[in-house]
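Inspection log for the structure reproduced underneath, given as structure tokens.
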Amino acid sequence: MQRKKSKMTYLLTSVVAGTALFLWSGASFAGTPTLGTDCGTTAASVGSDTAGKVTIGTPDPLLPYTGTCTLTFGTPYPNAPACTAMNETNGGGYPAPAGARTTQTTLTLGSTVGWAAGDVIAYSCTDY
């Protein structure tokens, strides 16, 4: 009888731990970033605070061109996350790395040569 009780305890512990892990991971992916005006007038994004893609829009003629695109995280990180980014389309050329600077609330993507309208920038962020 004791053996059945320990199997049941193990099963319940596994279910509780699995549920907690599922809820924790879902909370960390809950945020959806918003794009800044420096991303262009027709910019779009898909994904989450953790990973996604941004399609660069047409530069706004009323704003200075900065060669950056700022995403504001939907859910602030406890620490500034470690992020990487890649310009997948690069104006029709080969993919090229993009700069990524973070704070707890923003990810600023940058390029020393600038963006072309329609470039797709993929990003991935990890909290620590």
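Given the residues T84, T72, T41, which is the only one that is farther than 16 Å from Y123 by Cβ, of a type outside the set (A, V, I, L, M, F, W, C) and open to solvent by 50 Å² or more (accessible area, probe 1.4 Å)?
Checking each option against the conditions leaves just T41.
In region 20-38, of all residues being at pLDDT 50 or above and part of a helix (DSSP H, G or I), the one that is surrounded by the fewest Cβ atoms within 10 Å (Cβ to Cβ) corresponds to T37. Is region 66-76 home to any residue that is of a type in the set (V, I, T), at pLDDT below 95 and in contact with a strand residue (DSSP E or B) (Cβ under 7 Å, 6 or more places away or on another chain)? Yes - at least one qualifying residue is present in region 66-76.
Beta carbons closer than 7 Å, at least 6 apart along the sequence or on distinct chains, pair a first residue in region 88-115 that is touching a residue at least 12 places away in the same chain (Cβ under 8 Å) and within 21 Å of T42 (Cα to Cα) with a second that is open to solvent by 60 Å² or more (accessible area, probe 1.4 Å) and not polar (S, T, N, Q) for E88/P95; A98/M86; T108/R101; G110/R101.
The values are calculated or read from the model by the stated rules, or taken from the named source; none is laboratory data. Since we're looking at a predicted model, the values are computed, not measured. When we count neighbours, we look across all protein chains shown, and the Cβ atoms used for this are built from the backbone with ideal geometry, even at glycine. With ligands, DNA and RNA removed, areas are computed over all heavy atoms of the protein, side chains included. Shrake-Rupley method; radii C 1.70, N 1.55, O 1.52, S 1.80 Å.
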